Structure formats: C-alpha cells, structure tokens
Amino acid sequence: MSDLSTATTPAGTATAVAHPNIALVKYWGKSDATVNLPETGSLSLTLDVFPTTTTVTLDDDLTADTLELDGAPAHGTPLDRVRRFLDLVRERAGRSTHARVVSRNTVPTGAGLASSASGFAALAAAASAAYGLPTDAVSLSRLARRGSGSASRSILPGLAAWHEGDDTSSYAVPVTGPAVAMVVATVDAGPKAVSSREAMRRSADTSPYYPAWVTSTRETLVAALAACEAGDFTALGRITETNAMRMHAAIQACDPPVRYLAPTSVRLFDRIAELRGDGIDVWGTADAGPNVVAVCRPGDAQRVADALADLAPVTVAHAGPGVRLVAGPTA
Ligand code: DP6
C-alpha cells in the first residue's frame, strides 16, 4: 500500500475507515504485553463488511482526550485504551495536544467480531495523519498492533500474515492465496462476559494446553502459508477449522474456565460439517465469542448463507480493503 498522507484533511484533523478481519490462524497469546508482541504469527482475511470510521481532531483547549463511540461519550476501558494509544502517538510525534476522537462501528462492539481490530486500525491511521506521523502500511501496522494485536492485520486488504518479532519487525504483510468468502453468523451481538485480552492472559497463565497451542500454531501457520501459496482452498479451510477448535480447547481449559461457544455455535459447526457432507467446501471458525464464521469459496457463499440462516442472522463477506484515509470528518 502506498503512503496515504495525500488523503489527509486540514492540519490536525483526519478521518480513516478500516474493516474487521477474521483470523484463519489465530493470534492467542502474547510474548510481550508491553509493546503487544504475539507469541505466534497469525493469518487473517480483512472483510468488506462492518467498517469502522474514526475521526481524530487535535484541540489545544482540551486537557484530556475525549472519545465518542457510536454516538455516545465513552468512559472506562475503551477511553483508557484510546488515551494510552494517543499518548504513544504524541510521544512519537513530539506533540502534547490532546484530541477528540469520534468513532462509529457498524459491527457490534465487543461481540467477538473484531471491532477492536477495525477500531485501532482506523485510529492508528487517523491519529498518524492528524499528528503528522508516517502513514505507510508498515508504520501503521506496527502502531495499530500497540492498540490491539489483531488491528495490525486490518491495515492490509484481504489475506494478511502478522509475524512474530520485536517491536520493529512485528507487523502484518500481504499474502496471496485462494479466493475466500466468509459467512458471518451472529449468534449474540452483545458484549462478551470475559474480554479476549483477559482470556488470553488466563490461557497463558493457567491452561495446561497453552504450550501445545503455541507449538502447534507455529507449525499450522507454516502449513497455512503453504496452502495459500499453492492456492489450495481446501487445505486452508481444514487448517482454519482445526486451529479454531484448538484455540477454544485451550481457552476452555483455563482456571477458571472460559467457554465462548454457545449451543447455537455448536449447531452451526454441525451444520457446516453437514454441508461438507453434501459436497460444499466449507469450514468453520470462531473468535473469542459465540459467533461462527463459515469459510467457503465465493461461489458457494450464498448457498452456505441460506443453509445457516435459520440458526442465526448471517452476513456474506469477501476480501475487503485495507485502511484508508478519507476526506472530511465524520458526521
Ligand atoms: C480470538 O487483538 O483483540 O480474535 O491484542 O489483547 O487487543 P489484544 O487482542 P485482540 O485478540 C484477538 C483474538 C482473536 C484471534 C485473532 O484475531 O487472531
């Protein structure tokens, strides 16, 4: 992706749009929580649905950053995370001015549909442009990672791999692979009981399966990238479902346990298996929540959506764009 700075709006204000991504090989665990480095690499598809639009406006009169989220003033954890993120941006930019942040999600916040990925990807781009930091894809991916690990991948369009490394070398890169569609089945749009950040920490601290998760995921990423290179959709799909089941197994083995999958989630996985029995190349995955994502070839997406629709509301998604700066603040 080229430098985005030509798209900035008047000095001190910028608006960016980013889309969520769904991981085919999951990021679940950190090697360094301070600068947010992953224990293993991961692979995802940035979607063409559920964008987040964020405007950052510098304001010399403010004594602290403010955040408006989906039309209402935000407090607590969301505001704290945005303030910490902007502190980092200011430190890098050598500026002290605070900012007004206005963000709109079209994906339910906190429901396991990666709103933190689109949110911090959009914030990284808008804040970088507003504060005069570089807006090339590598810089934005590194910066977005500090807000939320999965956000590093939403900087890029379509398939993206986020590799392990250090603060400088850990960012997402584009991957060429087979055409992939995703049918998102929204089992529950409400916020989840245990945040992914907390469950990730608990998995590393208490799940006896966590070390096996780390070892197997490293091997899985190598296999997934090989499947992408070979354009082998079936291999990639099989890897995706296995990796998701392994992540949920590790999570369920925490003390105290965390169970993200609901009865309807399990029914959706069963239905996906039935569709495979009917000859459709479709595989399931789920992030840290009850929603299930069916991964299929684009030509099968509508048939898959129709087959799942009686269990949960469905949205058909394809490979979407990377983050972009747009002219003018949000309404
Ligand atoms: C299950 O990126 O939300 O969606 O870095 O702590 O903000 P933090 O975690 P986050 O975790 C996403 C976990 C996941 C898997 C994935 O997207 O790879």
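The values are calculated or read from the model by the stated rules, or taken from the named source; none is laboratory data. Quantities reported herein were computed from a predicted structural model and do not represent experimental measurements. When we count neighbours, we look across all protein chains shown, and the Cβ atoms used for this are built from the backbone with ideal geometry, even at glycine. Just so you know, the surface numbers come from the protein's heavy atoms only, side chains and all, with ligands and any DNA or RNA stripped out. Shrake-Rupley method; radii C 1.70, N 1.55, O 1.52, S 1.80 Å.
Summed over region 203-221, the residues that are within 20 Å of the chain's Cα centre (by Cα) and either surrounded by fewer than 19 Cβ atoms within 10 Å (Cβ to Cβ) or not assigned by TED's automatic domain parsing to the domain that holds ASP287 (or both) give a count of 2. The single condition among (1) modelled with pLDDT of 95 or more; (2) of a type in the set (S, T, N, Q); (3) not assigned by TED's automatic domain parsing to the domain that holds VAL25 that SER170 does not satisfy is (3).
Restricting to region 11-37, name every residue that is assigned to a strand (DSSP E or B) and surrounded by fewer than 24 Cβ atoms within 10 Å (Cβ to Cβ).
Kept after step one, since they are assigned to a strand (DSSP E or B), are these residues of region 11-37: 13-18, 21-25, 30-32, 37.
Answer for region 11-37, where residues must be assigned to a strand (DSSP E or B) and surrounded by fewer than 24 Cβ atoms within 10 Å (Cβ to Cβ): THR13, VAL17, LYS30, SER31, ASP32, LEU37.
Go through region 123-153 and give me each residue that's part of a loop (DSSP other than H, G, I, E, B) and of a type outside the set (Val, Ile, Thr). Outline the logic, then answer.
Within region 123-153, the subset part of a loop (DSSP other than H, G, I, E, B) is 132-136, 148-150.
Result: GLY132, LEU133, PRO134, ASP136, SER148, GLY149, SER150.
With the structure loaded, tell me whether ALA230 is surrounded by fewer than 16 Cβ atoms within 10 Å (Cβ to Cβ) and more than 20 Å from ALA181 (Cβ to Cβ) or whether it fails that test. So ALA230 fails the test. Consider ALA161 against the criteria (1) open to solvent by 10 Å² or more (accessible area, probe 1.4 Å); (2) in a strand (DSSP E or B); (3) within 16 Å of the ligand (Cβ to nearest atom): it satisfies all of them except one. Which criterion is unmet? ALA161 satisfies all of (1) open to solvent by 10 Å² or more (accessible area, probe 1.4 Å); (2) in a strand (DSSP E or B); (3) within 16 Å of the ligand (Cβ to nearest atom) except (1). Scanning region 14-47 for residues that are under 13 Å from the mean Cα position of the chain (by Cα) and closer than 26 Å to ALA130 by Cβ yields ALA18, HIS19, PRO20, ASN21, THR46, LEU47. Remark: pairs (first residue in region 266-285, without any contact (Cβ under 8 Å) to a residue 12 or more places away in the chain; second residue assigned to a strand (DSSP E or B); Cβ separation under 7 Å; 6+ apart in sequence or on different chains) = ARG276/VAL282. When ALA93, ALA144, ALA127, ALA117 are checked against the criterion of being over 12 Å from the mean Cα position of the chain (by Cα) and either free of Cβ contacts under 8 Å to residues at least 24 places away in the same chain or open to solvent by less than 10 Å² (accessible area, probe 1.4 Å) (or both), ALA127 stands alone in meeting it. The number of residues in region 234-251 that are open to solvent by 10 Å² or more (accessible area, probe 1.4 Å) and over 15 Å from TRP213 (Cβ atoms) comes to 4. Residue count for region 13-32 under the criterion of being more than 8 Å from the ligand (Cβ to nearest atom) and of a type outside the set (D, E, K, R): the result is 11.
Counting only residues that are over 30 Å from PRO298 (Cα atoms) and in contact (Cβ under 8 Å) with a residue 40 or more places away in the chain, which one in region 165-191 is most open to solvent (accessible area, probe 1.4 Å)?
Pass one, region 165-191, residues over 30 Å from PRO298 (Cα atoms): 165-170.
Cutting the leftovers down to in contact (Cβ under 8 Å) with a residue 40 or more places away in the chain gives us 165-167, 170.
Numbers: GLY165: 37, ASP166: 82, ASP167: 55, SER170: 0 Å².
Checking each candidate, the answer is ASP166.
Can LEU79 be described as open to solvent by 10 Å² or more (accessible area, probe 1.4 Å) and under 11 Å from VAL101 (Cβ atoms)? Taking the combined requirement at face value, the residue satisfies it. Taking the condition more than 19 Å from THR46 (Cβ to Cβ) and in the same structural domain as PRO290 (by TED's automatic domain parsing), does ALA253 pass? Yes, satisfied.
For LEU62, the criteria (1) more than 30 Å from PRO290 (Cβ to Cβ); (2) open to solvent by 10 Å² or more (accessible area, probe 1.4 Å); (3) touching a strand residue (DSSP E or B) at 6+ places or on another chain (Cβ under 6 Å) hold in every case but one, which is (3).
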